[in-house]
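Undergrad: First, the structure itself, so that you have it in front of you.
The values are calculated or read from the model by the stated rules, or taken from the named source; none is laboratory data. Remember, predicted model here, so these are calculated numbers, not experimental data. Here the Cβ is made from the backbone with ideal geometry for all residues, glycine too, and neighbour counts use every protein chain on show. Please note that ligands, DNA and RNA were not included when accessible areas were found on the heavy atoms of the full protein model with its side chains. Shrake-Rupley method; radii C 1.70, N 1.55, O 1.52, S 1.80 Å.
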Amino acid sequence: MTNNLSVVVNADAPQVWTMLREPAKVAQWHGWEADELAAEINEIYFGSKVVEAPDHTSLTANGGDVFDLKPVASGTEVRVTRAALDHNSEWAAWDEDITQGWLTFLQQLRFALEHHPHGQRHTLFIEVPGGSGSAIEKLGLSEVPKPGEPYQLTLATGEEISGKVWYRSNHQVGLTVHGYAEHGDGLLIVADQPVIEDVRPDGGAMVIASTYDLGAHKLESIQSSWDGWRAENYPTPKAAN
């Protein structure tokens, strides 16, 4: 498997462009809910260094990474080409992390457009340290079927989930989850993260669960399951004592 920074979205190019050029739309696929999300979106997609192609087929984001949109038979291919690495930049150590992030966000873009083009997502985000094995393996996701195939399993969180495999890569697994949306599916992504010297010396992992229109009780239940899994597998020094 290769970490190809492109997806084919079952939508036309103008629809994809709208998802790239309206801040509220970008917030439905870029990253996860956080206090700093709006500022991050503004800096990356709407800052002074951002360049739009006149024909709306290319967007150069702040930092030099380029989105290219190409109509294909099944929709629109969206490709991200990374800017040349500046080894003297403060972001040099984060280069692979940024690449992996684009892979995640492209898949969230495809999901948002194909499953919830007018929806409002609510995300659950968890980040855990590395050093004790792959989170994908810990959760029981290392043997999921090929992308597009159905699955049914019990996560290590205790949740029984089902849906289709959305994508797989060298370090990530994405699953649609029936129980993460009132209508249709939500999306679960688990990504093992690379080592960053002096910042993440043992690597790590992140989990992004995108849910839609769930009630407070259901959201609380999902959050509780993930919090319990994290506490059991990644105890803090205080909790371990």
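Undergrad: Looking at (1) within 22 Å of the chain's Cα centre (by Cα); (2) closer than 25 Å to His118 by Cα, which is the only condition Ala216 fails?
TA: (1)
Undergrad: Can you pull out every residue in segment 22-45 that is among the small types (Gly, Ala, Ser) and without any contact (Cβ under 8 Å) to a residue 24 or more places away in the chain?
TA: Ala24, Ala27, Ala38, Ala39
Undergrad: Determine which single condition Asp185 fails, assuming it passes every other condition in (1) charged (D, E, K, R); (2) at pLDDT 95 or above; (3) farther than 27 Å from Pro150 by Cα.
TA: (3) is the only condition that Asp185 fails.
Undergrad: Right, another one. Of all residues in segment 69-105, how many are farther than 30 Å from Gly215 by Cβ and either open to solvent by less than 30 Å² (accessible area, probe 1.4 Å) or aliphatic (A, V, I, L, M) (or both)?
TA: The total comes to 18.
Undergrad: On to the next question. Does Val128 meet the test of being touching a Ser or Thr at 6+ places or on another chain (Cβ under 9 Å), in a strand (DSSP E or B) and surrounded by 15 or more Cβ atoms within 10 Å (Cβ to Cβ)?
TA: No, not satisfied.
Undergrad: Can you pull out every residue in segment 204-229 that is surrounded by fewer than 17 Cβ atoms within 10 Å (Cβ to Cβ) and in contact with a strand residue (DSSP E or B) (Cβ under 7 Å, 6 or more places away or on another chain)?
TA: Correct list: Asp213, Leu219, Gln223.
Undergrad: Check every one of the strands (runs of 3 or more DSSP E) wholly within segment 142-241 and list those with 2 or more residues that are without any contact (Cβ under 8 Å) to a residue 24 or more places away in the chain.
TA: 150-154, 160-168
Undergrad: Follow-up question, since we're still on this one. Keeping to segment 135-152, report how many residues are closer than 27 Å to Gly215 by Cα and surrounded by 15 or more Cβ atoms within 10 Å (Cβ to Cβ).
TA: Selection size over segment 135-152: 3.
Undergrad: A further question follows. For segment 182-193, which residues satisfy the criterion of being open to solvent by 10 Å² or more (accessible area, probe 1.4 Å) and more than 14 Å from Ser134 (Cα to Cα)?
TA: Glu182, His183, Gly184, Asp185, listed by residue number.
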